[in-house]
Amino acid sequence: MLDLEHSFRWSSKHSSECLSFSAVYRLARSDDCRVMIFHMQSSLPYLLTALVGRKLSRSKVTFVYDIHDLNEFSMGKSKYEMLRFGCMFALEWVVFKCGVRLLTVSRGLANVYRLRYGRRPLVVRNIPEKVQLEGYSDLRRRVDGFVYFGLVDRIRLPEEFLARLESERVTLDIYGTVRERSASYRRKLEELENRGVLRFLGEYDPGDLRFLAKYRASVLPFEVCRINLRYSLPNKLFQALGYRVPCLISEGLIEAKRLFRQWPHAVVPLKSVVDLGAFLRAGPGPSVTEWAQIEAFLDRLRAEDGKCYTSALG
């Protein structure tokens with residue numbers, strides 16, 4: 001979707017590799033670089049350096065800030081966290097006032113940023129490419145359990161949900177990495193794995209999610225304790241729907257509520273499911289007509305994403 005031939009994309013990995021502030025400064029002054037794309041809050045100091053370089057050289061490089069997280073404030077934070085919040089706020093204020101083109105991942109986050117800085121970023125939901133399902137038409141959902149794929153921690157897979165899996169004797173296959181420091185939480189995962197409630201199946205290739213096709217349903221049981229989560233609409237929801245896999249999702253995700261109403265058999269509020277096992281045994285889920293409507297909806301979002309990228313990149 002992006003023409004990267006004459007562009008530069010910054011991501012967090014560069015901070016530990018070859019990139020330096022001087023390298024970013026030189027790129028911003030160069031006529032060889034058409035677009036510079038910066039991701040996440042950790043890229044803001046580099047973006048500010050690039051702004052200075054462009055200003056001094058009067059180059060015509062386009063800067064894009066792709067916002068994935070809200071810089072949140074809450075009482076009770078440590079002095080370091082309070083200082084970080086203040087620094088990030090100041091950097092974002094400069095970026096929003098200096099003509100940088102802005103993207104974010106949900107309408108909720110876009111509205112919060114508009115209230116905070118007076119500009120509303122374009123919304124790009126990063127809908128995955130369309131899956132050709134012809135090869136899966138005869139594939140039966142063989143696994144009598146749920147699937148979760150992504151990072152594992154106590155916010156994304158809350159202990160309350162894990163306890164529910166155990167009490168209702170339902171299995172969960174997990175693809176991804178455990179990123180939780182809590183020793184008690186990690187012990188709980190090990191215990192549930194030993195009892196057969198959880199199965200850890202290793203890392204997965206984000207570009208190859210065919211394993212989803214064998215599951216009856218996926219889960220996104222986030223504990224919605226932060227604004228970032230409340231206004232997010234996880235890409236993993238759309239990835240599952242692309243393989244015609246229903247998704248049980250936390251009802252605290254505000255932007256998912258419209259989908260709950262539109263396709264109640266495909267996007268299911270987790271608390272509305274009284275018995276997880278019964279949900280798996282209930283049947284095929286959405287009808288062929290409903291899946292066709294969902295695929296048309298995903299096509300429309302892909303088209304909107306393309307227009308937003310085109311607008312942002314000029």
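The values are calculated or read from the model by the stated rules, or taken from the named source; none is laboratory data. Here the structure is a predicted model, which means the values were calculated and not measured. As a convention, Cβ positions derive from the backbone with ideal geometry for all residues, glycine included, and neighbour counts pool all protein chains shown. Note: accessible area is taken over every heavy atom of the protein model, side chains too, but ligands, DNA and RNA are not part of it. Shrake-Rupley method; radii C 1.70, N 1.55, O 1.52, S 1.80 Å.
Once backbone amide H atoms are built at 1.01 Å from N, Ser218 has Val147, Cys247, Leu248 as its partners under 5 Å, excluding neighbours fewer than 5 places away on the same chain.
A simple charge model with +1 on the Cβ of Lys and Arg, -1 on the Cβ of Asp and Glu and nothing else charged puts the dipole of segment 139-208 at about 120 debye relative to its Cα centre.
The figure for Leu48 is an accessible area of roughly 60 square angstrom, using a 1.4 Å probe on the protein chains alone. Its Cα centre serving as origin, the chain has a Cβ charge dipole (Lys and Arg +1, Asp and Glu -1) of approximately 1020 debye. Hey, with R₀ at 41 Å, roughly what FRET efficiency would Lys130 and Glu168 work out to, going by the Cβ-Cβ distance, to 0.05? That pair, Lys130 with Glu168, gives E of 0.75. Among Ala50, Ala282, Ala240, the residue with the largest mean-square fluctuation in a Gaussian network model of the chain, with springs joining Cα atoms closer than 10 Å, is Ala282. A 1.4 Å probe, protein heavy atoms only, puts the accessible area of Ile254 near 70 Å². Considering every alpha-carbon pair of segment 203-250, the percent of pairs per 5 Å bin, from zero through the bin containing the longest distance, is 5, 20, 28, 22, 14, 9, 2. Nonpolar atom fraction for segment 247-314, defined as the carbon and sulfur part of the 1.4 Å probe accessible area, stands at 60 percent. Ranking Met88, Met36 by solvent-accessible area of protein heavy atoms (1.4 Å probe, all protein chains present), from largest to smallest, gives Met88, Met36.
Tell me the label only: which of (i) -0.33, -1.18; (ii) -0.39, -1.04; (iii) -0.35, -1.38 is log10 I(q)/I(0) by the Debye sum over Cα atoms at q = 0.07, 0.14 Å⁻¹ as calculated from this structure? Step by step, log10 I(q)/I(0) by the Debye sum over Cα atoms at q = 0.07, 0.14 Å⁻¹ for this structure corresponds to label (i). Averaging over all projection directions, the Cα-based convex hull of segment 163-314 occupies 10.7 nm² in the image plane.
Over segment 158-251, accessible surface divided per residue gives 48 Å², non-protein components excluded, 1.4 Å probe. Compared with the dominant principal axis of the Cα atoms in the chain, helix 44-57 is inclined by about 30°.
With a 1.4 Å probe rolled over the protein heavy atoms of all chains, the accessible area of Glu193, Glu166 falls in the order Glu193, Glu166, largest first. Do any of Lys130/Lys214; Lys79/Lys271; Lys214/Lys307 go past 27 Å between their Cα atoms, and which? Long pairs (Cα-Cα over 27 Å): Lys79/Lys271; Lys214/Lys307. Gain on full extension, evaluated as 0.36 nm per residue between Arg300 and Val288 minus their Cα-Cα distance, stands at 2.5 nm. Aspartates and glutamates within cross-link reach of Lys97: Cα-Cα under 18 Å, excluding same-chain residues under 8 positions apart? Leaving aside aspartates and glutamates fewer than 8 places away in the same chain, those within reach of Lys97 are Asp66. What separates the Cα centres of segment 42-83 and segment 233-269 is a distance of 32 Å. For segment 116-238, the relative contact order works out to 36 percent when only alpha carbon pairs closer than 8 Å and six or more residues apart are counted. Protein-only accessible surface at a 1.4 angstrom probe places the residues Glu81, Glu251, Glu92 in the order Glu81, Glu251, Glu92, largest first. Once you keep just the Cα pairs under 8 angstrom separated by 6 or more residues, what percentage relative contact order results for the chain? Relative contact order for the chain comes out at 16 percent.
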